1. Can you report the number of residues in segment 378-399 which are free of Cβ contacts under 8 Å to residues at least 12 places away in the same chain and surrounded by fewer than 16 Cβ atoms within 10 Å (Cβ to Cβ)?
2. If a residue has to be touching a Ser or Thr at 6+ places or on another chain (Cβ under 9 Å) and either in a helix (DSSP H, G or I) or crowded, with 21+ Cβ neighbours inside 10 Å (or both) to count, how many in segment 131-140 make the cut?
3. Across segment 1-31, which residue is surrounded by the fewest Cβ atoms within 10 Å (Cβ to Cβ) among those that are among the charged types (D, E, K, R) and not in a strand (DSSP E or B)?
4. Determine if segment 409-420 includes at least one residue that is free of Cβ contacts under 8 Å to residues at least 60 places away in the same chain and either under 22 Å from Asp47 (Cα atoms) or among the polar types (S, T, N, Q) (or both).
5. Within segment 400-423, how many residues turn out to be surrounded by fewer than 18 Cβ atoms within 10 Å (Cβ to Cβ), under 19 Å from Pro359 (Cα atoms) and of a type outside the set (Lys, Arg)?
Amino acid sequence: MRVLSITAGAGDMYCGSCLRDNALAAELQRQGHDVTLLPLYTPTRTDEPNVSGSRVFLGGISVYLEQHVPLFRRTPALLDRLWDSAAVLRLATGRGVTTDPKDLGELTVSMLRGEEGFQKKEIVKLVGHLKAQRPYDVVSLPNSILLGLAPALKRELRRPISCTLQGEDLFLEGLLEPYRSEAKDLIRRQAPAADVFVAVSDYYAGFMRRYLDLPIEKIRVAPLGISAFGLGPSPAPERFTVGYFARVAPEKGLHLLAEAYRRLRGEGHLAGARLEAAGYLAPEHRRYLAGIEARMREAGLGAEFHYRGTLERVEKIAFLRGLSLLSVPSPYVEPKGLYLLEAMACGVPVVQPRHGAFPELVERTGGGVLFEPGDIGSLADAILALQRDPTRAAEMGRRGAEGVARHFGVSLMAERVLEIWQGLAAA
């Protein structure tokens, strides 16, 4: 099958959507399919071999300039290539180009207007490039925020359009009004150009159907899958270690985990334990982390908390294997939970709120326990129960690793997505 899979770069951040798109494309290529993974905005950052193309379309600098400076909406393509090169984009994103939705409302709305927006020139360049390629069987968009591209792609390429649903409501809800409402309305207007919507969990399929008024008959589910390369259980650490591995941001809940840890230590539990955290830290969230660190010091626990930064794959695996349990007590109702699959694949039990995709992942693998969302006491109790029963924790870790291999391997994800796409191409 010949597939054009578009992915959206997120600067220097490890983005779960980029990791998923790259893993899917790499697995389909391994199976012999002709898959082009085409990045938009910036080069993508992955912790596995990156199979995306070297040329970035709708370069983040061009898109931004065209939004704010009318002159750049008319500059020639040859000039645009200067600041759309991967090297320049990496330099710009390394300096902290924002992905904060509070700053991107106008740009998001303009992009969703497609050929009627300020970035029309970029869409014309993208479509022109694609029309010069051998025809594809299907075109895949990485999220509904890019549905502004769908009408032009469908009209000019005459191929079916698949749109992945994988967590974009968090960005949309972060937009300021009136841009949030305008963006959602534009997505609804552009949605008919998509032939199918592929959600990454059962929860998210139902949620996005209601959130964006998507037709139920167009929604399919293809659960996440991860590569097992380098992953696998290891002996439990001698020192009880509570771990957090995700973006360091309020919506992921590190502050809740730290509060539960402080409560347990204040009650005399978890003697000799530590709290380890790792993950991408955006510039706008440095004060958030500093606040968590300050409260740990005030409780006399500063030496027990460590933030390890952004980790490459080998470092990530070593970090996960050094944990007794992992918890990302996200207040955001998470549709994916890639970090849970990675932790469980390493034999680490997980403790998660009972919402979003977490119940699906935990119940299908048997690799963790659920607590009541937002309930610090319930979270603390779940952590303490695993600390007091290492045999149960070890068994949970074993079941989790087996469950991920059985239900959430990358080949299974590719098989399900391919089944959906083949159905589109044959229609």
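1. 5
2. So the count comes out to 4.
3. Going through the qualifying residues, I end up with Arg30.
4. Checked segment 409-420: no residue is free of Cβ contacts under 8 Å to residues at least 60 places away in the same chain and either under 22 Å from Asp47 (Cα atoms) or among the polar types (S, T, N, Q) (or both).
5. The total comes to 3.
To keep it simple, each residue is scored yes or no on (1) surrounded by fewer than 21 Cβ atoms within 10 Å (Cβ to Cβ); (2) over 21 Å from the mean Cα position of the chain (by Cα); (3) not assigned by TED's automatic domain parsing to the domain that holds Thr7.
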residue	(1), (2), (3)
Pro151	yes, yes, no
Lys154	yes, yes, no
Arg158	yes, yes, no
Cys163	no, no, no
Arg180	yes, no, no
Asp185	yes, yes, no
Arg188	yes, yes, no
Ala191	yes, yes, no
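The rows are residues; the columns are (1) touching a Pro at 6+ places or on another chain (Cβ under 8 Å); (2) outside any loop (DSSP other than H, G, I, E, B); (3) outside the structural domain of Gly377 (by TED's automatic domain parsing); (4) over 22 Å from Asp375 (Cβ atoms).
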position: Ala271; (1), (2), (3), (4): no, no, no, yes
position: Ala277; (1), (2), (3), (4): no, yes, no, no
position: Arg287; (1), (2), (3), (4): no, yes, no, yes
position: Arg295; (1), (2), (3), (4): no, yes, no, no
position: Leu320; (1), (2), (3), (4): no, yes, no, yes
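The values are calculated or read from the model by the stated rules, or taken from the named source; none is laboratory data. Computed from a prediction, not measured in an experiment: that's the story for all the values here. Here Cβ is always computed from backbone atoms with ideal geometry, including for glycine, and neighbour counts include all displayed protein chains.
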